[in-house]
Amino acid sequence: MKKVITYGTFDLLHYGHILLFQRAKALGDHLTVALSTDTFNQIKGKGAYFSYEERKLMLEAIRYVDTVIPENTWEQKQSDIIDNHVDIFVMGDDWKGKFDELKEYCEVIYLSRTPDISTTTIKKTIKNTD
Ligand code: C2G
């Protein structure tokens, strides 16, 4: 069984996230999503609208997502990959090159970001239309 993993906050879930999951899952047989906890989001300087539990609930409802684990630190990727016997690490290409050190443990693939959609844009658009 070929196992894939990806990481992120996935706040205000949108089709850009879904298309990432769809393409990541198509690379193997099992997709794990390491979901940034609320505490880690603070470390990332990213405030999420939905809590970890709410974001986890939404991800677990997606057909392409098999397992959701918490992402608590930047440094856990290597042990996640080893402990979960991951074959492929996937991120959107805004991260291109940033995780190449993981090539020692698994395949590293950066997928193109879906254009013209982001959680930030959604937040800004809603704010301006209130
Ligand atoms: N993404 C995408 N297309 C978009 C928006 C996002 O493909 N239009 C991808 C990003 O490239 C990323 C994933 O969706 O791979 C999750 O995006 P975020 O929730 O913004 O996650 P991020 O803040 O990049 O956190 O340790 C890694 C971090 O947790 C990544």
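The values are calculated or read from the model by the stated rules, or taken from the named source; none is laboratory data. Keep in mind the model is a prediction, meaning the values are calculated, not measured. Because the Cβ atoms are built from the backbone with ideal geometry, glycine has one as well, and the counts that use them run over all protein chains shown. When the accessible area is computed, the model is the full protein with side chains, heavy atoms only, and any ligands, DNA or RNA have been set aside. Shrake-Rupley method; radii C 1.70, N 1.55, O 1.52, S 1.80 Å.
Selection over the stretch 98-130 of residues that are in a helix (DSSP H, G or I) and of a type in the set (Val, Ile, Thr) gives a count of 7.
Tell me whether the stretch 65-88 contains one or more residues that are within 18 Å of residue 2 (Cβ to Cβ) and among the aromatic types (Phe, Trp, Tyr). Within the stretch 65-88, not a single residue is within 18 Å of residue 2 (Cβ to Cβ) and among the aromatic types (Phe, Trp, Tyr).
Filtered by the rule that a residue be open to solvent by 20 Å² or more (accessible area, probe 1.4 Å), in contact (Cβ under 8 Å) with a residue 40 or more places away in the chain and among the aliphatic types (A, V, I, L, M), the stretch 1-17 gives 12, 13. The one condition from (1) modelled with pLDDT of 95 or more; (2) away from the ligand (no atom under 12 Å from the Cβ); (3) under 18 Å from residue 14 (Cα atoms); (4) not hydroxyl-bearing (Ser, Thr, Tyr) that residue 127 does not meet is (1). Being touching a Lys or Arg at 6+ places or on another chain (Cβ under 7 Å) and either in a loop (DSSP other than H, G, I, E, B) or without any contact (Cβ under 8 Å) to a residue 24 or more places away in the chain (or both) holds for only one residue in 49, 64, and it is 64. Taking the criterion of being open to solvent by less than 30 Å² (accessible area, probe 1.4 Å) and near the ligand (Cβ under 8 Å from one of its atoms), the residues of the stretch 18-52 that qualify are 20, 34, 36, 40.
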